[in-house]
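Report on the structure given below.
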Amino acid sequence: MLVSAKEMLTKARDGKYAVGQFNINNLEWTKSILLTAEELKSPVILGVSEGAGKYMCGYKTVVGMVKGMLEELNITVPVALHLDHGSYEGALKCIEAGFSSVMFDGSHYPIAENIEKTTKLVEICKEKGLSLEAEVGAIGGEEDGVVGMGECADPDECKQIADLGVTMLAAGIGNIHGKYPENWQGLSFETLAAVKEKVGDMPLVLHGGTGIPEDMIKKAISLGVAKINVNTECQLAFQEATRKYIEAGKDLEGKGFDPRKLLAPGAEAIKATVKQKMELFGSVGKA
């Protein structure tokens, strides 16, 4: 069954490791991530952006697919199904559809409006036993067509949001979605330490986990990061493996591609990527 992310993140915070959130886009991605988590006995969070939710025929379809896989694949590790960078309306829809966790990204609103909307969702999620992620300081890069440069959050605003009773907090510390440019200045650990001092034991979330150097990942975990999001790295691995398969000219035979064979190399590439990240985050064996 799907679970709230609260317990897994509390354990990660106390154990000085991070739980990986891996975004899903189709059946193959979901299956690969779940099988890898089960193999490594690692808790896992399946992230779904609003765009991916639409692509997969809606949130109820996603919930049905994931719940079916948990049963059919005999998955025993903790799994949370989480809305990633959701709007207020999107969060409500995911709660209704059966997600076990949601993120409301109010970072683009004035802090007063962010607080107002987050407060309402805190009440709903508490009543239903769901975990809730909030954000302060926009994450850079591109997410569902929205491009940002990456901000460093105001620690005082982070405390205001954390004090509302959210489960976890994403604070911008110079991180971005997608590939990091060559002139990227790196994570602002000064900001992260200041946020940690203000919010205390609140599990922190690091978005844009693709391309961040391993030493920065480990330092972020030591400063309170308990959840790290990965999407682009899986996309790139899937793309490259599929491209090589097509260029090799396999499975033609005048019939066209068998999708089960076409997508298999990409699925294996995702497994390898997820395994590498879970090992880096320290979540292996922590289910």
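Before moving on, here are some points about what is shown:
- For the range 239-260, the criterion of being touching a Phe, Trp or Tyr at 6+ places or on another chain (Cβ under 8 Å) and under 16 Å from residue 23 (Cβ atoms) is satisfied by no residue at all.
- Boolean, residue 282 is among the small types (Gly, Ala, Ser), surrounded by fewer than 20 Cβ atoms within 10 Å (Cβ to Cβ), modelled with pLDDT of 90 or more and closer than 24 Å to residue 38 by Cα: yes
- Test for residue 107: is it modelled with pLDDT of 95 or more, under 30 Å from residue 282 (Cβ atoms) and part of a loop (DSSP other than H, G, I, E, B): no
A quick yes/no check of all residues on (1) at positive phi; (2) surrounded by 24 or more Cβ atoms within 10 Å (Cβ to Cβ); (3) among the hydroxyl-bearing types (Ser, Thr, Tyr):
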| site | (1), (2), (3) |
| --- | --- |
| 3 | no, no, no |
| 32 | no, yes, yes |
| 45 | no, yes, no |
| 52 | no, no, no |
| 62 | no, yes, no |
| 76 | no, no, yes |
| 82 | no, yes, no |
| 93 | no, no, no |
| 98 | yes, no, no |
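- Under the condition of being free of Cβ contacts under 8 Å to residues at least 24 places away in the same chain and of a type outside the set (S, T, N, Q), the residues counted in the range 40-74 number 6.
Yes/no matrix, rows are residues, columns are (1) of a type in the set (D, E, K, R); (2) crowded, with 17+ Cβ neighbours inside 10 Å; (3) at positive phi:
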residue: 188; (1), (2), (3): no, yes, no
residue: 192; (1), (2), (3): no, yes, no
residue: 196; (1), (2), (3): yes, yes, no
residue: 203; (1), (2), (3): no, yes, no
residue: 216; (1), (2), (3): no, no, no
residue: 221; (1), (2), (3): no, yes, no
residue: 226; (1), (2), (3): no, yes, no
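- Residue check, residue 22 under 22 Å from residue 203 (Cβ atoms), touching a residue at least 12 places away in the same chain (Cβ under 8 Å), among the aromatic types (Phe, Trp, Tyr) and not in a strand (DSSP E or B): no
- Among the residues of the range 68-96, those that are more than 17 Å from residue 52 (Cα to Cα) and of a type in the set (Val, Ile, Thr) comprise 75, 76, 77, 79.
- Residues that are of a type in the set (A, V, I, L, M, F, W, C), modelled with pLDDT under 85 and over 30 Å from residue 53 (Cα atoms) occur in the range 177-187; there is at least one.
- Taken over the range 75-90, the residue count meeting the criterion of being in contact with a strand residue (DSSP E or B) (Cβ under 7 Å, 6 or more places away or on another chain) and in contact (Cβ under 8 Å) with a residue 40 or more places away in the chain is 8.
- Checking every residue in the range 41-53 against the condition of being under 18 Å from residue 102 (Cβ atoms), in a helix (DSSP H, G or I) and not small (Gly, Ala, Ser) gives at least one match.
- Long-range neighbours under 8 Å by Cβ, at least six apart or interchain, first residue over 20 Å from residue 153 (Cα atoms) within the range 98-109, second modelled with pLDDT under 95 and assigned to a strand (DSSP E or B): none
The values are calculated or read from the model by the stated rules, or taken from the named source; none is laboratory data. Since the structure is predicted, the reported quantities are computational estimates derived from the model, not experimental observations. Note that we place each Cβ from the backbone using ideal geometry, even for glycine, and neighbour counts take in every protein chain shown.
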